[in-house]
Structures are given as C-alpha cells and as structure tokens.
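What follows is one structure encoded as structure tokens, with my remarks underneath.
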C-alpha cells in the first residue's frame with residue numbers, strides 16, 4: 001500500500017480510522033464520565049505504553065481541575081502521544097488494525113475532549129467568580145515573583161497536584177516554534193505545540209510553556225531584574241495592588257488610657273498592560289539551513305524585549321504608550337554633583353535611610369559612569385576601595401540610561417508587570433522581494449514603583 005509522504009502520519013491514520021469505522025460500524029463515542037468505559041481507557045494506557053507513550057486516565061485528568069497550566073500541558077502531551085500512536089499505524093492495512101487500537105484512538109480523543117471541557121468550565125467559572133475569588137484567595141490567584149523565580153511558577157505556585165504530565169511539555173524551544181510557523185511542523189513535538197497554539201489571522205498565541213521560558217530568558221537579560229526588581233504576572237488589562245504610603249505610629253500608654261489614634265495610609269498601584277512589539281527578519285535560507293536557529297531566534301526576541309523593558313523601567317517618560325520609569329516618578333530622591341564619587345553614593349545611601357527605606361540592592365549607571373567609578377584612585381595612584389557600607393553593593397551598567405545618570409535603590413520596590421500571553425505574527429509578503437520572513441512578537445507590560453522613596457536618582461555634570 002503506497003503512502004503519500006507529503007501527508008502527515010497523524011492525518012492519514014485519522015482518515016483511515018474514520019473511513020474504516022464508518023464502513024464496518026465500529027465508530028463509537030467513549031464517554032469519559034462513564035464508569036463502564038474504564039476498561040477501554042486501561043486498554044488504551046497499555047497500547048500507549050507499547051510505544052513508550054504515557055496515557056492520561058480520566059481520574060488523573062480530573063485531578064488537574066482548576067490548574068490551567070497543567071491542563072494545557074496535559075492536553076499538549078496527549079495530542080503529541082496520540083499523533084505518535086497514529087503514526088505507528090501509518091503503514092498498517094485498516095483491516096488488520098485491532099479493535100483495541102481503534103479504541104485507543106477513541107479513548108485518547110475522549111481524554112483530550114475531557115481536558116478541553118474542563119478548561120472551558122474553569123474559564124467560565126473564573127469569569128463568573130473571578131473577582132470574588134481574587135479577594136478571598138488573593139495568595140492563590142496572585143503572586144509577585146522575585147528575580148530567581150520562574151515566570152511559569154505564577155500559574156501553579158500553590159498547586160501541589162502533580163503527576164508525570166505536570167511538567168512534561170513538548171520538547172521544543174521557542175525558536176523552533178517560530179520556525180515552524182513559516183516552514184510547518186517537522187516533528188511530533190512541534191506538531192503538538194502547534195496544535196496547542198491558537199492560530200489564526202497569520203499569527204499564533206504561543207503556548208504557555210514556551211511563553212514562560214522566553215519571559216524568563218528576557219528577565220535574565222534585564223538589568224532591573226538583576227538589581228532585584230520583582231515581576232507581577234498580569235491576568236487582565238488593568239491590575240491594581242495596594243501600596244503603603246504612610247506607616248502607623250505606635251505609642252506608649254498608661255493602664256486604662258485610650259490608645260492614640262494613628263492609621264496607616266494606603267493608595268493603589270495600577271498596572272495597565274501596554275503593548276511592546278518587536279519585528280525580527282530572517283532570510284529563508286537561514287531559516288531552512290541554520291543548525292542553531294532555535295537559540296538565535298530565542299535570543300533575538302528576548303534581548304530586544306529586555307532592552308526596551310529596561311529602558312522603560314529606568315527612564316521611561318510615562319507618555320503613552322511608554323510606562324513611567326524610576327527617573328521620572330514623583331517622590332524619588334534626587335542628587336546632583338559635579339562627578340560620581342563614593343562620597344556621592346554615600347549621600348544617596350543617606351537619603352534612602354532618611355526616607356526609612358531598606359538598604360539598596362544595587363546601583364545602576366551608564367557604562368561611562370561605571371568606568372569613572374571603577375577608575376577612582378587614591379593619592380598614591382592605587383585603585384580606591386569603596387567604603388565598607390558600599391563594598392557589597394552590586395554596581396550594574398546599562399546603555400538605556402541618559403548621560404551621567406545613576407540610580408541607587410531597593411529595586412525590590414520596582415514592579416514589572418507582564419501580561420500572560422504572547423502572540424507571534426508571520427509576515428510572508430512584506431519582505432518577499434529580499435527573500436525574507438519577518439516575525440512580529442507582541443508582549444504587554446507595565447512598570448510601577450511600590451515605594452518611590454526607596455530610590456535615589458543621581459545626575460552628574
């Protein structure tokens with residue numbers, strides 16, 4: 001029996017199953033909610049195991065309720081495993097495929113339907129009760145991430161329900177996903193990832209497990225994150241968190257005396273998901289032939305977004321659509337001097353202490369200012385050691401800052417909001433005359449300061 005190599009193995013197996021089942025009346029709908037179907041699912045688990053694939057039982061899928069990340073991963077894994085199983089039947093005559101094998105295809109499809117159904121139910125529940133749950137269970141639905149925490153933890157940080165599907169995403173990289181948008185999926189893993197993506201209108205919404213890996217790589221290249229800034233995963237267009245603007249004052253009191261009234265003052269910090277986009281061009285020859293394209297494409301997107309996000313966080317103007325950065329935020333301490341010296345940095349540290357801020361986590365400055373500081377010498381021409389108070393303070397450089405600028409601060413009070421979800425669009429015609437593909441990535445983010453007084457901006461002349 002001749003098989004057209006251009007037809008995917010998964011589609012071929014599915015067509016054979018559909019046609020043959022209609023001819024002999026074997027088509028069956030397996031209800032994953034029926035206890036009577038458990039034998040079929042156990043058979044499917046055995047059939048999958050024969051080719052080294054895992055089969056998710058209905059009871060296992062049921063344990064993932066309420067956890068979007070795990071459900072999406074489980075569905076992607078089941079689609080990939082089913083694709084591989086169908087591929088093993090590619091060269092088999094339909095009349096020789098066993099009933100157990102047909103049942104396995106149906107059972108796998110039923111499990112995928114179950115997961116999709118659960119995702120729809122969870123989404124509907126979130127829409128109906130999201131606001132109430134966010135108030136009652138804020139620690140479960142909202143998490144601020146430190147610099148060493150993965151963005152992927154934001155969706156399952158408090159979920160202890162784990163099985164072998166929890167972290168078993170298709171083994172592909174972000175760059176391979178982007179390449180497949182232009183050239184088509186070349187492996188079962190890539191095919192499963194493309195099936196998981198929401199594709200339409202010339203673009204695709206990147207699956208969560210690839211999106212979070214790209215965001216973590218972007219964060220690793222961001223100077224503000226290295227300095228200690230925290231990441232806030234944004235679930236909606238606007239997200240508000242409380243900010244303490246005035247500390248209450250405790251007072252001594254006599255027995256039976258009234259307690260002096262001193263209330264803390266609060267306001268809110270509101271994140272607005274602004275659009276950050278980058279266009280990356282790649283020649284068709286490079287896309288087809290390069291052996292390290294996955295790493296190169298991932299780095300291209302991550303680095304460009306990191307630079308733009310850093311600039312917004314440090315010196316963003318606040319003029320829409322650019323977020324307002326530390327330098328232009330009201331309430332930030334300010335110092336000016338003729339030259340950058342350790343004495344000037346000690347003055348900045350004093351300003352933070354006078355504002356009752358925590359110790360600084362870093363000082364960021366231009367490369368030229370960094371060179372000036374590192375080149376300070378004593379009267380004998382020897383390199384000048386920093387004062388004890390500054391010895392352990394990380395000194396970071398960024399080309400995103402203006403001339404002769406530096407910022408000292410407790411960067412844990414800098415919050416970078418990142419909207420969950422990333423969309424990639426493929427442009428096939430715009431640069432066709434130069435035989436290039438172009439990819440546009442859309443990310444939505446914002447920057448806010450939890451405590452402006454925890455920072456000091458330093459301008460030298």
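The values are calculated or read from the model by the stated rules, or taken from the named source; none is laboratory data. This one's a predicted model, so the numbers in the text were calculated from it and none came from an experiment. Cβ: placed from backbone, ideal geometry, glycine included. Neighbour counts: every protein chain shown.
Structural remarks
- Scan of the stretch 43-92 for residues that are on the phi > 0 side of the Ramachandran plot and modelled with pLDDT under 85, ordered by number: 66
- Of all residues in the stretch 371-412, those that are exposed (fewer than 14 other Cβ atoms within 10 Å of the Cβ) and closer than 19 Å to residue 337 by Cβ total 7.
- Within the stretch 287-320, being under 24 Å from residue 212 (Cα atoms) and free of Cβ contacts under 8 Å to residues at least 60 places away in the same chain holds for 291, 292, 300, 304, 308.
- Among the residues of the stretch 429-461, those identified as in a loop (DSSP other than H, G, I, E, B) and in contact with a helix residue (DSSP H, G or I) (Cβ under 8 Å, 6 or more places away or on another chain) are 435, 450, 451.
- Any hit, the stretch 180-188, residues being closer than 23 Å to residue 445 by Cβ, at pLDDT below 85 and not in a loop (DSSP other than H, G, I, E, B): yes
- When the residues of the stretch 278-292 are filtered to those that are assigned to a strand (DSSP E or B) and crowded, with 16+ Cβ neighbours inside 10 Å, the one that is nearest to the chain's Cα centre (by Cα) is 278.
- Residue within the stretch 301-316 that is assigned to a loop (DSSP other than H, G, I, E, B) and in contact with a strand residue (DSSP E or B) (Cβ under 7 Å, 6 or more places away or on another chain) present: yes
- Filtered residue count, the stretch 398-428, keeping only those that are assigned to a loop (DSSP other than H, G, I, E, B) and at pLDDT 85 or above: 8
- Any hit, the stretch 98-108, residues being within 21 Å of residue 212 (Cβ to Cβ), out of contact with any strand residue (DSSP E or B) (no Cβ under 7 Å at 6 or more places or on another chain) and modelled with pLDDT of 80 or more: no
- Candidates 298, 270, 236, filtered to the one that is in a strand (DSSP E or B), within 23 Å of the chain's Cα centre (by Cα) and closer than 29 Å to residue 400 by Cα: 270
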